[in-house]
Amino acid sequence: MNPEELNKIATAERTMQSQYRHTINVCVAAGCLSSRADQVQQALENEVKQRGLDSHCDVKGVGCLGLCAAGPLVTVDKVTINGQESGRRESSVPELMYQSVTAADAAEIVAALDQAPVQRLVCPTNVPFFTRQKKIVLENSGVIDPERIEEYIAADGYAALLDVLTTKKPMEVVAEITRSGLRGRGGAGFPTGLKWGTVAKAAGATKYVICNADEGDPGAFMDRAVLESDPHRVLEGMAIAAYAVGASQGYIYVRAEYPLAVKRLKLAIRQAERLGLLGTNIFHTPFSFSIEIRLGAGAFVCGEETALIASVEGKRGQPRPRPPYPAEGGLWGAPTLINNVETLANVPAIIRNGADWFAGIGTEKSRGTKVFALAGRVQNTGLIEVPMGITLREIIYQVGGGIPEGRRFKAVQTGGPSGGCIPEQFLDIPVDYESLAQVGSIMGSGGMIVMDETSDMVDVAKFFMEFCMTESCGKCVPCRVGTAQMYDVLEKITRGQATAADVEYLKDLCDVVRNTSLCGLGMTAPNPVLSTLRYFKNEYDARLRPDDHNGNGAAQPVEVAR
Amino acid sequence: MTMLMAKPVAPSKDKRWKIVEATARRHGNARHALIETLHSVQEAFGFLDEDALRYVANLLQLPMSKVYGVATFYHFFTLRPPGKHTCVVCMGTACYIKGAGELISSVERKYGIKPGQTTADGNLSLLTARCVGSCGLAPAVVFDGEVAGKVTSSDLINRLGKWDEK
């Protein structure tokens, strides 16, 4: 592969696309697939063929269109004939979208191609859910066919890799990422450039790059959507990272529970290898890089980097004390760069558009955008990408469309089992790493669960504690025993048998587990309890033993034990 | 002096062991291929029994304790054969908030099995998942590998009824 060949593929693909007057895109990401989007795609293809329109109407499967609640989703693009445009649409907002489409609607949709759209299926796209988003990581999601590398290349794919390999020194790439202000999207928000720099400087002939796609947070599916919608983007990000730090082997550690993502990744790797975009002497430079997939096997703790490394080595996924940090002694003792899917997916765009462009989005300390999986008691559940600094209120009430069934908002949970519940009084804080930490939660990997008045906060705390208790790997005592003890106290509270002294004991346990656990799982496990105790203490008090009230409200009926 | 190891013999003549051997070979029968090899056994046979674990231990020259340790550490691996049909209720946060607990109770009431158990006739296994990533369609249930969204208790019982042995 040389630059001319890459250009040729892009031009050929764009020319082919510009021959079509219409493109019908069917969302075939996991959400819409489970509402039978594959049948919709088949029906549309048949209909187009029957009407003899295949020469000027293309039907294709695309990645996640975002509004999972209204799936299966279909968009229709009008492509200008013989247009000279780059193949990339100006705005990320689709012009015409149909919602809840079934195979039976295919005829009507195809018949309406050159006429007014089918009104009963139209999903308005001039609403905040679409207009308030800013897409970087998801720029190709819902636009390109994730199973065709040509479409990714036509959307300027692998141009960033070509650019760094032919015009930049590795340290210049690190400097560019550092200047962009990109921070780790896995949750902790460690500056990405700093991490790259450490691995680049570490001594060692063999280095590794690992993509952390072990999305274990219950209630989060951002990484899955990126892998299913635009897998080449992650491969390109990894290759750029490998060049910057001096690695020649990469691993993607992905959950076995995501079969579609695994399938598309495998296909993408094969396609990239065939074109010489992965492998030896990429673009005729000395740089060689290959990627292998490692399947996770369902252990939340493997999201922790040292546990993940143990798992890639084929062992039980248990963390170990740091230092040495993976940047110095990681996989098989070699310097290892571990980045989350979303972090790596930002990289090609940063290289293509420049660090300044990226740094211009978001807030002072949190640059760029963040992808959230918006779910729970909110109208528009689905996948969103918003600029950092947007307020929680804007996300929930504008993008999310508010709380359904006229109910009242109660709390929003971010960061999964490591995060906290944020009450109404903080809805106007900006979404950035520091602000969320200030109110007792974390940015996390991007799960955002909205709760209304029907949610019981003590139950929510118990739910997360049960999760942490089960997922504790058992290596260190504070986490193994502490999470079980905390769960028991929460269980006692929900049964209405606890006293105020039990709640004090719970607080002490939180303190011990947080400060003495070996890894992030234990250190953050108390967060859901602490944040609900902080903002919803009354709900705990209301469930104390009837004879042990602090005078806070009347006794509640005791819930029957399980 | 080189030790000559006898080539490990597969537990049965079943052709599926060839797939398992191919997986191990692709990784040079290296010890770090353990998880990949176990995945391949589970994909081929549906679960990992003692014979399988012993065979994998021999293939990769690992002590049985290591193999057993890994197989029991990860939730994805199961040491018991699943029922003829499996019903996986997602217990991710979004599904939980939208009533996944009630779905589980309804199966418990109708079939008398708890999550992780199989009915006495071996027809139905009830399982829970940490998150199947279909949070936008909560609550989600996976019926024999097919995800269904926005499931209600009556949907669930109806769907399972179709699997009941006549």
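The values are calculated or read from the model by the stated rules, or taken from the named source; none is laboratory data. Since we're looking at a predicted model, the values are computed, not measured. Backbone-built Cβ (ideal geometry, glycine too); neighbour counts: all protein chains shown.
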Original post:
What number goes with the only condition from (1) free of Cβ contacts under 8 Å to residues at least 40 places away in the same chain; (2) away from chain B (no Cβ under 14 Å); (3) farther than 30 Å from A:I153 by Cα that A:A327 does not pass?
Top reply: (1)
Original post:
Is there any pair linking a residue in segment A:209-227 that is facing another protein chain (nearest Cβ under 8 Å) and closer than 11 Å to B:A94 by Cβ to one that is of a type in the set (S, T, Y) and in a helix (DSSP H, G or I), with Cβ under 7 Å and at least six apart or on different chains, and which?
Top reply: A:P218/B:T93; A:G219/B:T93
Original post:
Of all residues in segment A:48-73 being charged (D, E, K, R) and touching a residue at least 24 places away in the same chain (Cβ under 8 Å), which is nearest to the other protein chains (Cβ to nearest Cβ)?
Top reply: A:K60
Original post:
Listed residues A:G447, A:G474; which is closer than 15 Å to A:G416 by Cα, out of contact with any His (no Cβ under 6 Å at 6 or more places or on another chain) and among the small types (G, A, S)?
Top reply: A:G447
Subject >> For A:G376: the one exception among (1) touching a helix residue (DSSP H, G or I) at 6+ places or on another chain (Cβ under 9 Å); (2) within 14 Å of chain B (Cβ to nearest Cβ); (3) more than 24 Å from A:P218 (Cα to Cα) >> reply: (3)
Original post:
In segment A:291-313, which residues are touching a Ser or Thr at 6+ places or on another chain (Cβ under 9 Å) and more than 14 Å from every other protein chain (Cβ to nearest Cβ)?
Top reply: A:E305
**OP:** Report yes if A:G402 is part of a loop (DSSP other than H, G, I, E, B) and either without any contact (Cβ under 8 Å) to a residue 12 or more places away in the chain or farther than 25 Å from A:G184 by Cβ (or both), otherwise no.
**Re:** yes
Original post:
Would you pick out the residues in segment A:501-523 that are of a type in the set (A, V, I, L, M, F, W, C) and surrounded by 15 or more Cβ atoms within 10 Å (Cβ to Cβ)?
Top reply: A:V503, A:L506, A:L509, A:C510, A:V512, A:V513, A:L518, A:C519, A:L521, A:M523
Subject >> Selected residue (criterion: farthest from the chain's Cα centre (by Cα)) from residues of segment B:14-54 that are part of a loop (DSSP other than H, G, I, E, B) and over 21 Å from A:G298 (Cα atoms) >> reply: B:G28
**OP:** Hey, can you tell me all the residues within segment B:30-52 that are crowded, with 20+ Cβ neighbours inside 10 Å and more than 13 Å from chain A (Cβ to nearest Cβ)?
**Re:** B:A52
Original post:
Looking at segment A:458-552, what helices (runs of 4 or more DSSP H) fall wholly within it and have at least 2 residues that are of a type in the set (V, I, T), over 30 Å from the mean Cα position of the chain (by Cα) and not assigned by TED's automatic domain parsing to the domain that holds A:G416?
Top reply: A:477-494, A:500-516
Subject >> Scope segment A:228-250; condition surrounded by fewer than 24 Cβ atoms within 10 Å (Cβ to Cβ) and in a loop (DSSP other than H, G, I, E, B); matching residues >> reply: A:G246, A:S248
Original post:
Looking at this structure, is A:V101 farther than 24 Å from A:Y433 by Cβ, hydrophobic (A, V, I, L, M, F, W, C) and either crowded, with 17+ Cβ neighbours inside 10 Å or over 26 Å from the mean Cα position of the chain (by Cα) (or both)?
Top reply: yes
Subject >> All positions within segment B:55-79 that are over 17 Å from the mean Cα position of the chain (by Cα) and facing another protein chain (nearest Cβ under 9 Å) >> reply: B:L60, B:L62, B:K66
Original post:
Among the residues of segment A:251-273, is there at least one that is assigned to a loop (DSSP other than H, G, I, E, B), within 25 Å of A:K201 (Cα to Cα) and in contact (Cβ under 8 Å) with a residue 24 or more places away in the chain?
Top reply: no
Original post:
Restricting the search to segment A:280-302, which residues are under 25 Å from the mean Cα position of the chain (by Cα) and surrounded by fewer than 18 Cβ atoms within 10 Å (Cβ to Cβ)?
Top reply: A:S290, A:E292, A:I293
**OP:** Sort out for me the helices (runs of 4 or more DSSP H) sitting completely within segment A:3-77 that have 1 or more residues that are surrounded by fewer than 17 Cβ atoms within 10 Å (Cβ to Cβ), of a type outside the set (F, W, Y) and out of contact with any Phe, Trp or Tyr (no Cβ under 7 Å at 6 or more places or on another chain).
**Re:** A:3-18, A:37-50
Subject >> Residue under evaluation A:E364, criteria (1) of a type outside the set (S, T, Y); (2) in a helix (DSSP H, G or I); (3) more than 24 Å from A:A242 (Cβ to Cβ); (4) not assigned by TED's automatic domain parsing to the domain that holds A:I422, criterion not met >> reply: (2)
Original post:
How many residues are more than 14 Å from chain B (Cβ to nearest Cβ) and over 19 Å from the mean Cα position of the chain (by Cα) if we restrict to segment A:392-413?
Top reply: 7
Original post:
A:R233 is checked against (1) more than 14 Å from chain B (Cβ to nearest Cβ); (2) in contact with a strand residue (DSSP E or B) (Cβ under 9 Å, 6 or more places away or on another chain) and fails just one. What number does that condition carry?
Top reply: (2)
Subject >> The lone exception for A:M448 - which of (1) assigned by TED's automatic domain parsing to the domain that holds A:V412; (2) part of a helix (DSSP H, G or I) it fails >> reply: (2)
Subject >> Candidate set: segment A:379-391, residues that are in contact (Cβ under 8 Å) with a residue 60 or more places away in the chain and away from every other protein chain (no Cβ under 14 Å); chosen: the one surrounded by the most Cβ atoms within 10 Å (Cβ to Cβ) >> reply: A:E385
**OP:** For residues that are more than 27 Å from A:Q438 (Cα to Cα) and touching a residue at least 24 places away in the same chain (Cβ under 8 Å), scanning just segment A:170-196, find the one that is surrounded by the fewest Cβ atoms within 10 Å (Cβ to Cβ).
**Re:** A:M171
Subject >> Complete set of residues in segment A:331-349 that are assigned to a loop (DSSP other than H, G, I, E, B) and within 14 Å of chain B (Cβ to nearest Cβ) >> reply: A:A334
